[in-house]
Amino acid sequence: IIGRSGSSKTTIIDMLAGLQAPSAGRVLIDGVSLSEINLGDWRHKIGYAPQDTVLLHDTILNNVTLGDPDLDEADARRALEQADAWEFVAAMPDGMETSVGERGARVSAGQRQRIMLARALAHQPRLLILDEATSALDPDSEAAICETLRGLRGQLTIVAVSHQPALAEFADAVYRLSEGRLEDSDAPGRDPHSAAV
């Protein structure tokens with residue numbers, strides 16, 4: 001979903017997560033109205049990576065699992081591998097036990113975003129929502145994250161919200177928000193067999 005700032009992209013995310021009800025129409029999940037679905041169960045199936053990469057002054061492991069007792073080191077490693085972060089994490093002197101420093105100051109912006117992506121993937125969501133997740137990255141880091149997301153195609157549904165065109169290049173469907181209207185656009189990477197959106 002692409003569009004300028006203030007075009008209600010975040011409102012759409014809120015409706016997908018059941019945080020806001022539509023004023024008209026319905027949100028359907030596999031043909032079932034979201035109003036008929038247990039919101040707690042639905043939200044547990046969502047991974048969310050926000051624009052702001054807020055990391056705790058803690059270890060990489062704790063930043064990925066957030067202390068969830070249902071997640072262990074194996075879950076964190078799987079998520080880091082999915083996020084293409086395992087190589088740089090494994091190369092650190094203390095691996096997953098390495099502290100990222102205050103607000104993630106000991107890792108690069110691209111590494112912070114990958115740790116945030118791993119956090120979103122840790123509980124194996126069925127829907128991954130990216131809210132302007134690459135907007136603070138330089139072009140090389142953004143391209144690398146886009147390639148990582150391309151590798152997740154077919155494993156889960158991805159809804160990426162952005163005002164930048166890079167994420168649209170590998171999407172199966174692109175929707176442009178303009179003047180309160182959502183318009184379907186052709187997507188260069190459209191693949192009818194992939195789960196990514």
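Please treat every number below as a calculation from the coordinates, not as lab data. Just so it is clear, the model here is predicted, and its values are computed rather than measured. All Cβ positions, even for glycine, are placed from backbone atoms using ideal geometry, and neighbour counts span all protein chains on display.
For the chain, with a Gaussian network of springs between Cα atoms less than 10 Å apart, report the residue from GLY47, GLY18, GLY67 with the top mean-square fluctuation. Top of the fluctuation ranking is GLY67.
Quick check: convex hull of the Cα atoms in the range 1-84, volume per residue, rounded to a whole Å³? Display every interim value, and only then the final one.
Details: hull volume 12.6 nm³, N = 84.
About 150 Å³ per residue, rounded to a whole number.
Considering Cα pairs under 8 angstrom that are at least six residues apart, work out the relative contact order of the chain and quote it in whole percent.
Worked out over the chain, it gives 27 percent.
Mind pulling the angle between the C-alpha long axis of helix 109-121 and the longest principal axis of the chain? Nearest 10 degrees, somewhere in 0 to 90. Here the helix axis deviates by roughly 70 degrees.
Taking R0 as 30 Å, what FRET efficiency do you get between GLN155 and ASP70 from their Cβ-Cβ distance, rounded to the nearest 0.05?
The computed FRET efficiency comes out at 0.90.
Calculated [222 nm] ellipticity per residue, helices only, for the chain: -8500 deg cm²/dmol; basis is -39500 (n - 2.57) per DSSP H run with n ≥ 4, divided by all residues, nearest 500. The longest part of the chain holding none of the exposed loop trypsin sites (Lys or Arg not before Pro), meaning those outside H, G, I, E and B in DSSP with at most 16 other Cβ atoms within 10 Å, is 127-189. Given +1 at the Cβ of Lys and Arg, -1 at the Cβ of Asp and Glu and no other charges, the dipole of the chain around its Cα centre is 400 debye to the nearest 20. Between amide H atoms placed 1.01 Å from N, distances below 5 Å from VAL174 occur with SER185, ALA187, all of them 5 or more places distant or on a separate chain.
In plain terms, the bigger the Kirkwood radius, the slower the diffusion; for the chain, with that radius from Cα pairs, at 37 °C and 0.692 mPa s, Stokes-Einstein puts D at 188 µm²/s.
Computed over the range 61-163, relative contact order equals 31 percent, with contacts defined as Cα pairs under 8 Å that lie 6+ residues apart.
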